[in-house]
Structures are given as C-alpha cells and as structure tokens.
1. For ALA257, state whether it is closer than 23 Å to GLY74 by Cβ, outside any helix (DSSP H, G or I) and in contact with a helix residue (DSSP H, G or I) (Cβ under 7 Å, 6 or more places away or on another chain).
2. May I ask you to verify whether ARG42 is among the charged types (D, E, K, R), crowded, with 22+ Cβ neighbours inside 10 Å, within 14 Å of the ligand (Cβ to nearest atom) and in contact (Cβ under 8 Å) with a residue 12 or more places away in the chain?
3. Just checking, how many residues over segment 155-177 are in contact (Cβ under 8 Å) with a residue 60 or more places away in the chain and not charged (D, E, K, R)?
4. Every residue in segment 185-213 that is in contact with a Phe, Trp or Tyr (Cβ under 9 Å, 6 or more places away or on another chain), in a loop (DSSP other than H, G, I, E, B) and farther than 19 Å from THR151 by Cβ, please.
5. May I ask you to list the residues in segment 1-38 that are over 20 Å from SER249 (Cα atoms) and among the β-branched types (Val, Ile, Thr)?
6. Name, by its number, the condition in (1) surrounded by 16 or more Cβ atoms within 10 Å (Cβ to Cβ); (2) over 21 Å from GLY31 (Cα atoms) that does not hold for THR185.
7. So which residues in segment 2-32 are over 14 Å from HIS106 (Cα atoms), assigned to a loop (DSSP other than H, G, I, E, B) and within 11 Å of the ligand (Cβ to nearest atom)?
8. Among the listed residues ALA254, ALA247, which satisfies the condition of being of a type outside the set (Val, Ile, Thr) and within 19 Å of LEU172 (Cα to Cα)?
Amino acid sequence: MEVNPYLPHSARIYDYWLGGKDNFAADRQVGEAMLRAIPTLRLMASANRTFMHRVVRALVNSEGIRQFLDIGTGIPTRPNLHDVAQQTAPDTRVVYVDNDPIVLVHARALMVSNVQGRSEYVAADLRQPETILTEKVLRETLDLGQPIGLTMIAILMLLADEENPWAQVAHLRDAMPPGSVLAITHPTADFNPDAVGEAVAAARGAGMTLVPRTKEEIARFFGDWELLDPGLVPVPAWRPEKPVKDAESTYYWAGAARKPITTNPRE
Ligand SMILES: C[S@@+](CC[C@H](N)C(=O)[O-])C[C@H]1O[C@@H](n2cnc3c(N)ncnc32)[C@H](O)[C@@H]1O
C-alpha cells in the first residue's frame, strides 16, 4: 500500500494535532473540521501520549514488565514508548505495529533502541491478529512465555463494530501469558454527545471510520482481565502525577487490566 496524500488518515491527523509535520492538506482539512467541533482535541491527543508515558512507567516499575507490544503506534513522537520504558529498564524490548504506510516510512526512528534493549517494527493490521502474532520479528523479539504490556492507545475507535474489534482484541489477549497487562484509551461520547457527534460527522464525511464507544463497550475489551487501580477512568485521571481538574473534559476513557493466573473462558 502506498501513501495517498488525498485521503485523510488518522495517523497524519493525529500528527497534525500533536504539532508534527507529517501530514497533508487533506489531513489538515479534516483535522480542522474536527477541531471546530471540539477545540480541545489537541490537548486530548497530548493527554493520550502522557497516559502512555504513565502507564508504561507503571508497568515497568510496579508490574515488572520488560516487553511491550504496541498496536497502532502512529507517527513517531518523542518520547516513544521504548524511550520511556528503557529510561527506567534499559533491557526492555518493544515491538511496534501499525498498518499505515506513512508509519512504515518512519519505522527506522522507532527502532533506534539502546544497546541493552531492542525495538522492532511490524507492518500489520489489528484486524488480522494472527498475522501479528506469527510475525517472525515478533517471535524473535518477544518471549510469549513472559508477561507483555499490550498497548492500544487511540486505535480501537478506527475499527467499526462490524469488524468486531472485541474479537480481534480477545484473540491477542488469549495469546498473552498470565501477568500481561492490556492498556487502552478510547474516545467516547459519554461526556459530550453533541460535540463528539459533530466531530465524528466531520470524519465520516471525509470517508473515515471513527466510532466513539460507551464506558461499558470499552470495558468489554478487557474481557475477564482484572482492571488495575483506578479502573476505567477519563484519561487524565489515570494515576495522574499532579491533581487534575475536570478530567471529563477529555473525551477518552483509559484503563489497564492484568491477565489473571487462571482465566475463565472468554465471554
Ligand atoms: C490516532 S493514531 C494513535 C497513535 C498512537 N497510539 C498515539 O497514541 O500517539 C492511530 C494509529 O492506529 C493505526 N491504525 C489504524 N487502524 C489500524 C489497524 N487496523 N491495524 C494497525 N494499525 C492501525 C493508524 O495508522 C494510526 O497510526
């Protein structure tokens, strides 16, 4: 697949909101239309990035996790996941996955790891989880017998209900060993249905799939895994480093859940 500058794409719109340069007029146009509906979208994109930093540090420090599988990586934005993890645990290994050709162009930047750690990039699609799991480089980089931090930050809203994102995530959960942790952020209309509805209409009008989901729908991505404190909360309220006011003005839920030692059959 080649980069098509005329079709707006989530990775490049996100890059635009984050102040990056890897975006085209078509991306900026939709990004601006969405910003008219929700003027704080840029702050929300940053809040997702800083959630990623906090959750990765928590998994490294408190859960002892030393390997990550990050699906829907996006255009590299420093610090990337491996920068954050390796700052604390230099031997951490990371496999990044994205299906967008523009992210592939930047894959080299994602793969600059320190000498003790390792990071790799796999061009693959969340809708085909088995192709991710059987990828040679993944098998060479991650030990599927040891706990893994499985991160899906701001990606699941890009899959329609008809694509059954719950089944795709369950497939990945099932392949993870006990003690692994799944971390997710997902946009929602729960806090401001009108503004989110307008932003979604702008994205869909440009041919994109964008599905905000309710707290209950998002909770189902974790299956029978145990939600870590503080549960499924607005993104800024997940283990904030300083007190947060008005967390619900970020229209995203965030949570992290651990795979128990013995699991019940999945729902
Ligand atoms: C909004 S960006 C989020 C990037 C990053 N996780 C972050 O929070 O900064 C969503 C990313 O998911 C990727 N993506 C969308 N659908 C995907 C799929 N089916 N398989 C793999 N990656 C996908 C997009 O290409 C994009 O890079």
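1. yes
2. Working: among the charged types (D, E, K, R): yes; crowded, with 22+ Cβ neighbours inside 10 Å: no; within 14 Å of the ligand (Cβ to nearest atom): yes; in contact (Cβ under 8 Å) with a residue 12 or more places away in the chain: yes.
It is false that ARG42 is among the charged types (D, E, K, R), crowded, with 22+ Cβ neighbours inside 10 Å, within 14 Å of the ligand (Cβ to nearest atom) and in contact (Cβ under 8 Å) with a residue 12 or more places away in the chain.
3. Result for segment 155-177: 7.
4. Within segment 185-213, ALA189, ASP190, PHE191, ASN192, PRO212 meet the criteria.
5. VAL3, ILE13, VAL30
6. The one condition THR185 does not meet is (2).
7. HIS9, LEU18
8. ALA254
Just so you know, all these numbers are worked out from the coordinates, no wet-lab data involved. If you're wondering where the values come from, they're calculated on a predicted model, not measured in any experiment. No Cβ is skipped: glycine too gets one built from the backbone with ideal geometry, and neighbour counts run over all protein chains shown.
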